[in-house]
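S.K.: What follows is a structure written as structure tokens; I'll ask about it next.
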Amino acid sequence: VKKRLVKLVVNFLFYFRTDEAEPIGALLLEHCRITKEEENVFSISFVEEPERKYCFECDSEEQCQEWIEALKRASYEFLRRSLIFYRNEIQKMTGKDPLEQYGISEEARFQLGTRKQ
């Protein structure tokens, strides 16, 4: 077990030695599984390497749950699904596509709205 500091930036989890300012590595949080292992411990594993796990121990159960939720919301796929959901909800309420004002083409709107999960 090694003590590391971690920093979440968009969909990258950077990790640092406790006495250094530059990260020693980063995990791209795409196609990964976040799993609660024990009371204060969670792990990250990846579809491409399911046998390899990165385990993280937190100071408390509450902190562990906060990290799990933040990491699950960090992926591109989560953000993409959220965009599709909220776009459709706004369109139902207003009758207008909220993405139209940003010049997103009809093809892109169609793909966003019909791609299956």
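S.K.: Looking at region 4-13, which of its residues are open to solvent by 60 Å² or more (accessible area, probe 1.4 Å), touching a strand residue (DSSP E or B) at 6+ places or on another chain (Cβ under 8 Å) and not charged (D, E, K, R)?
M.R.: L5, F12
S.K.: Further question on the same structure: Quick check on my filter: what residues within region 63-104 are basic (K, R), open to solvent by 80 Å² or more (accessible area, probe 1.4 Å) and either in contact (Cβ under 8 Å) with a residue 40 or more places away in the chain or under 26 Å from T35 (Cβ atoms) (or both)? Before you say what the answer is, go through the steps one by one.
M.R.: The first filter runs over region 63-104 and keeps only residues basic (K, R), leaving 72-73, 80-81, 87, 92, 96.
Right, trim to open to solvent by 80 Å² or more (accessible area, probe 1.4 Å) and you get 72-73, 81, 92, 96.
The answer is K72, R73, R81.
S.K.: Assess whether V41 counts as being open to solvent by less than 30 Å² (accessible area, probe 1.4 Å) and β-branched (V, I, T).
M.R.: Numbers: open to solvent by less than 30 Å² (accessible area, probe 1.4 Å): yes; β-branched (V, I, T): yes.
Here the answer is yes, as V41 does meet what is asked.
S.K.: Let me ask another. Can you name the condition, by its number, that V1 falls short on among (1) among the aliphatic types (A, V, I, L, M); (2) open to solvent by 100 Å² or more (accessible area, probe 1.4 Å); (3) within 19 Å of the chain's Cα centre (by Cα)?
M.R.: All conditions pass for V1, except number (3).
The values are calculated or read from the model by the stated rules, or taken from the named source; none is laboratory data. Quick caveat: nothing in here was measured; it's all calculated off a predicted structure. Here the Cβ is made from the backbone with ideal geometry for all residues, glycine too, and neighbour counts use every protein chain on show. Areas reflect the complete protein model, heavy atoms only, side chains present, ligands, DNA and RNA absent. Shrake-Rupley method; radii C 1.70, N 1.55, O 1.52, S 1.80 Å.
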